[in-house]
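Enquirer: Before I ask anything, let me first share the structure, which is written out below as structure tokens.
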Amino acid sequence: PPGETRTVTFLLCWHFPNRYVDYVQWFSGIEDPKSLFWIGNAYSNRFASAAAVAEYVRDNFERLDRETHTFRDTFFDSTLPPEILDVVSSQMSIIRSPTCFWDDKGKLYAFEGCNGASTGGWTGTGGCCPMNCTHVWAYEMSLAALFPALERTMRETELFTQLHPTGYLPHRVTLPIYMPRPWDRPVGGPEKPALDGLLSMVLKAYREHRRCTEIGWLEAAWPKIESAMHHVMTDHDLDGEGVLKGEQPNTYDISIYGPNTFVGTLYLAALRAAEEMARIVRRDDLASSYRSRYDKGSAGYDNLLWNGQYYIQIYDAEKNPEQNYGKGCHSDQLFGQWWAHVLGLGYLLPAEHVQAAMDSIVRHNLRENFVAHKQQPRQFASDDEPGLLVCSWPLGDRPKVPTQYSDEIWTGIEYEVAALCLYEGRSEEALRILRSVRQRYNGARRSPWNDVECGDHYARALSSWALLDAACGYEYDASTQTVTIAPRLSPDDWRAFFITADGWGGSTLKREAGKCTVTMGVAWGEVNLRELTVACQGAVSVAVRLRDAIVDCSLDGTDDRCTVRFAESLRIPEGGQLVMQLSTS
């Protein structure tokens, strides 16, 4: 009627159950480009039609709307710098872009990125560079935190379908999954199976064990992990010294040769992760073997490659004159150390050298602009914009044909290096890097939700989640129900988002004279805890409450941290809040 208003909600719903292999998959052996193999979509198992989708949303609209806003509000209710919140939250969207899809069997598959203006000559629909590319997805952390069960399906594809009986891993997946594996042919990128992709699979298997609660998953996966490690230790580490010296195919779409800490620290991290997993599955003999090889390799890489400022690469210029970086300062030189920090594996190389190398990467590779620098073969920044170069040669001796993409800027590496800066106590350097990225992706020149590399919504940018863990000093292990909170930013009055396998919410840490108060409030799902470690120096007593009930617990303290162990597994339900009061005097 006149003078009144009414709100009408419209739903835009779709239902396309017949997803096909309608993208370029040159390594599949399918010669007829019109042959469309069926894959399907997971949602077709839940909904019979677009109308059924609409009915579901209608019937659950209030809950869906409430949970969406609760997640948003909880995530942004934080003392963390806006640069970190912006990067972590915006790049979550890659998971829901056409870069990723969920097939009708419940498996997640992903391109490197989406087809778009950035991909130039690519043909076909969907994304570019199929599928589940191990060396690009080696940088991804967001999916594993947000949807650990979906992430685990990618590991299962690698371990139980893709892995060759001898232990090597083709770095692209052929679909449908029942087709022959591409074990006997190049699949695009490096000509041979990417070694960094294989090593990251081992690291991700350990991560998925820590992120998922399913008992027995690691035991089932272990024989394949053992096979992969055996392959690396016998076919690539020929002299058993823990230092890779031969051909190392990698994410730069080439092979590099000789000792280097880019692939080398991944190897060290994989040895440490394999050691931890071997002990869990009660293979102490293998754990000791991995540890012995790791100890040799750690000392070997440091002795061979430390130049006083950063880690270099040694190679034979006569045998392998091209695609090496030599004396360059490579932004990926501590890639495995980044992984080790994320997984709580400690330092792979001397801490003082790691920190000095971090300083060198920022000093030499972070530029205020790219005037007089030729970005090649691709340009991802305007000349007047800042960014972090993949590699530079501050001491000269740039190879005539250096490692491919050395002169480019990749946001996935920028986020990796920024997280490493946070882990090493260099917060201002981390924020400088992030401000540089967001200056380029500021909504005026480029979309804040579309980091571009070889494709739009590029998967490498999912490395950004590590920034949240690094800033919060957050570690989580679902298998042992343990959480660590040790904020590196605003440590005396801190507030941030946290997530576990079964729930998420907000946590706080406040230090005052004589006491330290920690809270964990669950906004969705539930959280199960046996042990909570926090950054609190000199705690002498503890009191824990959950919904006004006193919780039985014990306290162990170190110089700068204290660990509270609960008498039995503690369940924090949705809407519940754990309050822990630590006395320091």
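Enquirer: Taking only the range 48-92 into account, find how many residues are assigned to a helix (DSSP H, G or I), in contact (Cβ under 8 Å) with a residue 24 or more places away in the chain, hydroxyl-bearing (Ser, Thr, Tyr) and buried (at least 17 other Cβ atoms within 10 Å of the Cβ).
Expert: Final tally of qualifying residues: 2.
Enquirer: State which residue is farthest from residue 81 (Cα to Cα) when the search covers only the range 468-499 and only residues that are touching a Leu at 6+ places or on another chain (Cβ under 7 Å) and part of a helix (DSSP H, G or I).
Expert: Here the residue is 470.
Enquirer: Residue by residue through the range 152-170, note down the ones that are touching a residue at least 40 places away in the same chain (Cβ under 8 Å), closer than 17 Å to residue 190 by Cβ and open to solvent by less than 10 Å² (accessible area, probe 1.4 Å).
Expert: Scanning the range 152-170 gives a single hit, 169.
Enquirer: Oh, and also: So in the range 227-242, with the set limited to residues that are under 17 Å from residue 297 (Cα atoms) and aliphatic (A, V, I, L, M), which one is modelled with the lowest pLDDT?
Expert: My answer is 238.
Enquirer: Kindly indicate the residue of the range 202-226 that is open to solvent by 10 Å² or more (accessible area, probe 1.4 Å) and of a type in the set (A, V, I, L, M) and also modelled with the highest pLDDT among those meeting that condition.
Expert: In this case the residue turns out to be 220.
Enquirer: Given (1) buried (at least 17 other Cβ atoms within 10 Å of the Cβ); (2) in contact (Cβ under 8 Å) with a residue 40 or more places away in the chain; (3) within 26 Å of residue 417 (Cα to Cα), where does residue 521 come up short, assuming only one miss?
Expert: (3)
Enquirer: Let me ask something else about it. Go through 41, 45 for me and flag whichever is of a type outside the set (Gly, Ala, Ser), in contact (Cβ under 8 Å) with a residue 12 or more places away in the chain, open to solvent by 30 Å² or more (accessible area, probe 1.4 Å) and within 24 Å of residue 103 (Cα to Cα).
Expert: 45
Enquirer: Then there is this: On the basis of being surrounded by 19 or more Cβ atoms within 10 Å (Cβ to Cβ), at pLDDT 95 or above, among the β-branched types (Val, Ile, Thr) and not in a helix (DSSP H, G or I), does residue 256 make the cut?
Expert: In short, yes.
Enquirer: Quick one: what pairs do we get from the range 1-20, first residue within 24 Å of residue 52 (Cβ to Cβ), second open to solvent by 100 Å² or more (accessible area, probe 1.4 Å), C-beta under 6 Å, 6+ apart or different chains?
Expert: Note: pairs meeting the criteria are 20/38.
Enquirer: Name every residue in the range 524-554 that is surrounded by 16 or more Cβ atoms within 10 Å (Cβ to Cβ) and without any contact (Cβ under 8 Å) to a residue 24 or more places away in the chain, in order of residue number.
Expert: 553, the sole residue that qualifies.
Enquirer: Are any residues in the range 227-256 more than 17 Å from residue 135 (Cβ to Cβ), in contact (Cβ under 8 Å) with a residue 60 or more places away in the chain and either touching a strand residue (DSSP E or B) at 6+ places or on another chain (Cβ under 7 Å) or among the hydrophobic types (A, V, I, L, M, F, W, C) (or both), and if so, which ones?
Expert: 229, 233, 243
Enquirer: Give just the number: which of (1) over 25 Å from the mean Cα position of the chain (by Cα); (2) surrounded by 21 or more Cβ atoms within 10 Å (Cβ to Cβ) does residue 342 not satisfy?
Expert: If we test residue 342 against (1) over 25 Å from the mean Cα position of the chain (by Cα); (2) surrounded by 21 or more Cβ atoms within 10 Å (Cβ to Cβ), just (1) comes out false.
The values are calculated or read from the model by the stated rules, or taken from the named source; none is laboratory data. It should be emphasised that the depicted structure is a prediction, and the values quoted were computed from it without experimental measurement. As a convention, Cβ positions derive from the backbone with ideal geometry for all residues, glycine included, and neighbour counts pool all protein chains shown. What goes into the accessible areas is simple: the full protein's heavy atoms, side chains included, and nothing from ligands, DNA or RNA. Shrake-Rupley method; radii C 1.70, N 1.55, O 1.52, S 1.80 Å.
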